[in-house]
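No lab work stands behind these numbers, since they all come straight from the coordinates. Since we're looking at a predicted model, the values are computed, not measured. Positions of Cβ are backbone-derived with ideal geometry, glycine not excepted, and every protein chain shown enters the neighbour counts.
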Amino acid sequence: MQDIQMKRKTITLIFIVVVILWIVLGFGPVLVLKQWSHRGTYGDMFGSVNALFSGLALGGVIVAILLQSKELSLQRQELEMTRKELKRSALAHEESADELSKQVATMRHSTTLMAYSQLIGECDRRIREILEDQNLSVSGRETRADRIREEREQYLVGTREMLDNLTPKS
């Protein structure tokens, strides 16, 4: 920030000096030289000064072009670095999305396995209840228990199939 203020002060000072020189060199001879022929000769002396200022202006334009070229080069480098960073960020985002998809699939499998486990546990509880129920005949208890055992077996088959699908095949 101070560097910018310093540059502004320097440019302002140079501008003021040039304006003062222009005024002194432009109006000074009018006050000092009384004859027009002398004034004309005096004015012709400044042809070289005009060429000097034109050369300085051309040099300033060249310096400005060089500075802009350097700035443009730096901007291109920064743009390339930004592109690389965005590419890395996109890859990381894709990897994160893939991992999240895997995590969701694992959670679904886990939920399904827990549901099978609870269903099998419920079947076991119902079988125990039926076998302990003294109000039913032995054959009635066995018939009902066999139906629940078949249901339990279906849950076990579903669980095994799911586990087989999760296990990688070699």
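Which is in contact with a Ser or Thr (Cβ under 9 Å, 6 or more places away or on another chain), surrounded by 10 or more Cβ atoms within 10 Å (Cβ to Cβ) and under 30 Å from LEU163 (Cα atoms), of ILE148, ILE127, ILE120?
ILE120
Residue-by-condition table, conditions (1) more than 30 Å from LEU166 (Cβ to Cβ); (2) among the polar types (S, T, N, Q); (3) touching a residue at least 60 places away in the same chain (Cβ under 8 Å):
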{"residue": "LYS34", "(1), (2), (3)": "yes, no, no"}
{"residue": "PHE46", "(1), (2), (3)": "yes, no, no"}
{"residue": "LEU56", "(1), (2), (3)": "yes, no, no"}
{"residue": "GLY59", "(1), (2), (3)": "yes, no, no"}
{"residue": "ALA64", "(1), (2), (3)": "yes, no, no"}
{"residue": "GLU71", "(1), (2), (3)": "yes, no, no"}
{"residue": "LEU79", "(1), (2), (3)": "yes, no, no"}
{"residue": "GLU94", "(1), (2), (3)": "no, no, no"}
{"residue": "SER101", "(1), (2), (3)": "no, yes, no"}
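Conditions tested, residue by residue: (1) of a type in the set (S, T, N, Q); (2) in a helix (DSSP H, G or I); (3) over 30 Å from VAL157 (Cα atoms).
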| residue | (1), (2), (3) |
| --- | --- |
| LEU31 | no, yes, yes |
| SER54 | yes, yes, yes |
| GLY59 | no, yes, yes |
| LYS84 | no, yes, yes |
| ALA105 | no, yes, no |
| ARG108 | no, yes, no |
| GLU129 | no, yes, no |
| ASN135 | yes, no, yes |
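Within segment 103-141, which residues are without any contact (Cβ under 8 Å) to a residue 24 or more places away in the chain and of a type in the set (Asp, Glu)?
Answer for segment 103-141, where residues must be without any contact (Cβ under 8 Å) to a residue 24 or more places away in the chain and of a type in the set (Asp, Glu): GLU122, GLU129, GLU132, ASP133.
Looking at segment 18-55, which of its residues are surrounded by fewer than 10 Cβ atoms within 10 Å (Cβ to Cβ) and among the hydrophobic types (A, V, I, L, M, F, W, C)?
First, pick out the residues of segment 18-55 that are surrounded by fewer than 10 Cβ atoms within 10 Å (Cβ to Cβ): 31, 34-37, 44, 47-48, 50.
Residues satisfying the conditions are LEU31, TRP36.
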